[in-house]
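K.L.:
Would you mind keeping the following structure in view while I ask a few things?
Read-outs throughout are calculated quantities, based only on the coordinates presented, and are distinct from any laboratory measurement. Keep in mind that what you see is a predicted model, and the values were worked out from it rather than measured. Every residue, glycine among them, receives a Cβ derived from its backbone with ideal geometry; neighbour counts consider all protein chains shown.
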Amino acid sequence: MTPKVQVRAPGKINLALHVGPPRPDGYHPLATLFQAVSLYEDVVAEAADGVTLTIRGRGADLPTDASNLAVRAAQLLRETSGVDRGVALTLTKEVPVAGGMAGGSADAAATLLACDQLWGTGLGREELAELAAELGADVPFALTGLSAMGTGRGDLLTPVMSRGTYHWVLAVQGEGLSTPAVFRAFDAMHGLSADGAARAGGVAAADDAGSAGAGSAGGAEAPRVDPALLSALLSADPLVLARHLTNDLQEPALELRPELGDVLAAADRAGALAAVVSGSGPTVAALALDAPHAASVAGVMRAAEVAAEILTVTGPVPGARVLERVHAR
Ligand code: C5P
């Protein structure tokens, strides 16, 4: 019996995010390139009777009941594996809350792996990945980490080769953005209704769930990642990668949060190679040449006072992994 397990899972940024019109289930077909970065969620899972959650670090005011994705992850694993044991979860959060960096998804991924180890469910990595996809579109990537292309809702992953380490400066806002609200703003900008029908002609609706869709918001093609971005990741050259950062949700995020324009401008003035809103925002990721350059960009951006916090991180980093397993004596 294992009485205590500690698991760490990373946050992510999207190097590219292409969005198609919404499917009948309300989700948007995506083509995205994820990179896991060195901001982490740590989950300690200890044997207990019920399922409880305590939150440390960021997000002390987040709910700790079944509306929290970590609690839902533990409950889903318990139901699926048929174990009748409980867990006391302690979550220490580094990833910004509602920041477009999939912090909640990393909590769920870390919890799945921690409870799997604690309870000895015998489920394989693949079955855990299926449960992850049930919990949310970004949860499978938090399990696998490193660099991956995401299609479907962002949950169908293809690992991507990447050379070198990239240095990022993150501008974190005090107040998060709601992901569904940003997708709704995207639909409104492109004249799309929630079921994918184009109000203003020309954009075909997506097929059934699982399909990448018959059209993208920008044209008749399904969204896809530019092969030049995949080559850039093999170059290990941040100057090459900088040319390929792109995000279809940046405009809608800017519409909801116009101040993000100041953050992007500040990153440019600070000498960042390029800057992009991460996922649905509002975190902005600015690419630097190397660690000293990142420190310098961060210093200038801090002085510009455009964000609640300026952090430096690196990527890619591994997905959810066990840090410590305490065995009963
Ligand atoms: O899967 P997850 O719970 O993380 O998604 C949160 C919300 O973001 C969804 O309910 C949906 O409104 C929006 N979303 C979307 N298309 C995606 C992923 C998320 O519309 N591919």
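K.L.:
Just want the ordering: His18, His190, His293, from fewest to most Cβ atoms lying within 10 Å of their own Cβ.
P.N.:
The fewest-first ordering by Cβ neighbours comes to His293, His190, His18.
K.L.:
Let me ask you something else. What net charge do the residues around Ala185 carry, taking every other residue with its C-beta under 11 Å from that of Ala185, with Lys and Arg at +1 and Asp and Glu at -1?
P.N.:
Neighbourhood net charge equals -1.
K.L.:
Counting only DSSP beta bridges with both residues in the stretch 5-143, what percent are antiparallel, rounded to the nearest 5?
P.N.:
The antiparallel fraction comes to roughly 75 percent.
K.L.:
Given points 7 Å out from each Cα along the Cα-Cβ axis, report the Arg302 to Glu127 separation in nanometres with one decimal.
P.N.:
So the label points at Arg302 and Glu127 sit 4.8 nm apart.
K.L.:
Let me ask something additional. Taking the Cβ-Cβ separation of Arg163 and Glu324 as r and a Förster radius of 35 Å, what is the calculated FRET efficiency to the nearest 0.05?
P.N.:
Efficiency, from the Cβ-Cβ distance: 0.70.
K.L.:
Rounded to the nearest 500, what is the chain's calculated 222 nm mean residue ellipticity when only DSSP H runs of at least 4 contribute -39500 (n - 2.57) each, over all residues?
P.N.:
Helix-only estimate at 222 nm: -9500 deg cm²/dmol.
K.L.:
While we're here: On a 0 to 90 degree scale, rounded to 10, what angle separates helix 179-189 from the longest Cα axis of the chain?
P.N.:
20 degrees
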